[in-house]
Amino acid sequence: MAFGSPLFGTARRRGTALRRRRAVLVLCCAALAAGSTNIPASAAPPPLPPRLVEALQRDLGIDADEYARRVDTAHRLSDYAKIARIAHPAAFAGVRMDGGRGIVSLTDEVSAVPARATAEAAGFTVETVAASEATLRDRRAGFERWLAGQPGAVGESIFGYGIDSARNELVVRVAEGTQLPIEAGLVRAMASAMPQASPDSAAEDVQSIAAGEPAEPVVGGGQAYAFEVDGEIHRCSFGFNATDAAGSALNITAGHCDPENVVARSKRTGEPGRIFTVRGTSDKRYVPGEKARLGDEFGHFEVSSFAPHDYGILRLDDAVAPRFRNNLVSTGQLSPPTPSFVPPFLDTGSGNSGSASENPGEAGGVLRITGTTDPVAGAVVCKAGFRSGYSCGVILASDQVARVKGKPGQTDAPVQLDNMFITTLCGHPGDSGGPIMAGTEAVGITSSILSNTTPLDGTCGHVPVLFGQPIGPVLRDHPGVKVRTS
């Protein structure tokens, strides 16, 4: 559903951009066929906030320098894959990270020779596998045809599927004890559980953004917003600040955080879902333990999708839009501009624009988003959310289909989400919609988690498996929308 001002660019702009991308791709493919090794390294990234550095050490045992090296390798792998996938479809079988190594999978087709030479010259490790990515996609299509003809009980036992580049197989995630017949095709069944996409409705141990103070704070990704459903207040996390074609302030968050997607279809009003700050029983900042109530209005969901994707685009009201004109991610409340911290968009010309090592308010520093990138299997990513703060992990798989359930007792049957990526990030209800980053680049937003609790991970409280919505499809679906990089 879409409301308010248009988010879309003109057809002429789309055509021009498409022609440019095609021209670049043709040049890249020609370079790969000729054995070119021009896959440049990324520029040195800005410094990371202290709490993010702590999360890297706690969750993965790596420091900021190793993180930067792995992010750079994954970015170059992604660039290589975009070229090789088209230049050598019979040979290309995928890419992935293995710790700090970039792995390129190729078949033994004759066309693999130039692809192998380019990969090795770029410093990647090449492995020979049996099936190309194109072959695995054909298997996936065959499995989907089989699944479409099955009774509902069969579909209910299948929680998702996708290509596993490390195994060079099509993996189907199924309920415990489920066995797939030979008619399902050449697939590997893996016992799993159904992920859940749910906003937060608890009122303890969190501090939300307050409004109406003498100097209103800057709002970045990872901070909280609230909405009301059936008299109950729920909270999600802001994702990446963005702009539309006219430069108006937007934020990209999770679609299941739209109030219209939290209720059963029979209760939906068709009106745009409104979002707010959170207040306590007094007319001041929310204090944990108080009865939460809605504060000032932030804006509304202009775009909302909860199948086949999980994203929402928030249009911010004019009164609060200046607070979102930044490229920041944080897990604490950002102070208003002070002499020691001046966000770039409020720079007074004094030459002091702040840095990630400074401590605005209670944020422990901020991360500045510099661009976007695609998820790569095995790559290190970190997320921010108002419930669990920063956490870091690795991407297990990308381009996955997932069946996801919403808030128990309110939403209808599980929905199917496409193009998802699966990570080992720790997340909790309320982190939904928050940003997922590789270094300083936007990868996606938090969608859903496997919430079955277990003592296996004392830090997270449950097995850390989190599903992310890639940022790429959001931007492709809405030409003119851009993630803020300044």
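The values are calculated or read from the model by the stated rules, or taken from the named source; none is laboratory data. In this text the structure is predicted, and so the values were computed from the model without any measurement. We place every Cβ from the backbone using ideal geometry, glycine too, and count neighbours over all the protein chains shown.
Which of the residues belonging to region 365-402 are surrounded by fewer than 20 Cβ atoms within 10 Å (Cβ to Cβ) and either at pLDDT below 90 or part of a loop (DSSP other than H, G, I, E, B) (or both)?
Scanning region 365-402 gives a single hit, 370.
How many residues does region 421-436 hold that are crowded, with 24+ Cβ neighbours inside 10 Å and in contact (Cβ under 8 Å) with a residue 60 or more places away in the chain?
7
Going by the structure shown, is residue 426 under 24 Å from residue 220 (Cα atoms), modelled with pLDDT under 95 and touching a strand residue (DSSP E or B) at 6+ places or on another chain (Cβ under 7 Å)?
On the way: under 24 Å from residue 220 (Cα atoms): yes; modelled with pLDDT under 95: yes; touching a strand residue (DSSP E or B) at 6+ places or on another chain (Cβ under 7 Å): yes.
Here the answer is yes, as residue 426 does meet what is asked.
Mind telling me which of the residues 312, 255 ends up being small (Gly, Ala, Ser), assigned by TED's automatic domain parsing to the domain that holds residue 438 and at pLDDT below 95?
Values: 312 fails: at pLDDT below 95.
The conditions single out 255.
Taking residue 245 as the residue in question, decide whether it is modelled with pLDDT of 75 or more, in the same structural domain as residue 476 (by TED's automatic domain parsing) and surrounded by fewer than 23 Cβ atoms within 10 Å (Cβ to Cβ). Before you say what the answer is, go through the steps one by one.
Details: modelled with pLDDT of 75 or more: yes; in the same structural domain as residue 476 (by TED's automatic domain parsing): yes; surrounded by fewer than 23 Cβ atoms within 10 Å (Cβ to Cβ): yes.
Judged against the criteria, residue 245 is a match.
Out of everything in region 69-87 that is among the hydrophobic types (A, V, I, L, M, F, W, C) and surrounded by 19 or more Cβ atoms within 10 Å (Cβ to Cβ), what residue ends up being farthest from residue 377 (Cα to Cα)?
We begin by selecting, within region 69-87, every residue among the hydrophobic types (A, V, I, L, M, F, W, C); these are 71, 74, 77, 81, 83-84, 86-87.
Next, only the ones that are surrounded by 19 or more Cβ atoms within 10 Å (Cβ to Cβ) stay: 71, 74, 77, 81, 83-84, 87.
Details: 71: 12, 74: 9, 77: 10, 81: 12, 83: 17, 84: 16, 87: 21 Å.
Among them, the one singled out is 87.
Among the candidates 176, 183, which residue alone is exposed (fewer than 14 other Cβ atoms within 10 Å of the Cβ) and assigned to a helix (DSSP H, G or I)?
Details: 176 fails: assigned to a helix (DSSP H, G or I).
So the residue among 176, 183 that is exposed (fewer than 14 other Cβ atoms within 10 Å of the Cβ) and assigned to a helix (DSSP H, G or I) is 183.
Looking only at helices (runs of 4 or more DSSP H) that fall completely inside region 88-159, which ones have 2 or more residues that are buried (at least 20 other Cβ atoms within 10 Å of the Cβ) and of a type in the set (A, V, I, L, M)? Spell out how you get there, then give the answer.
Numbers: elements: 112-121, 133-148, 152-156.
Filter on region 88-159 gives 112-121.
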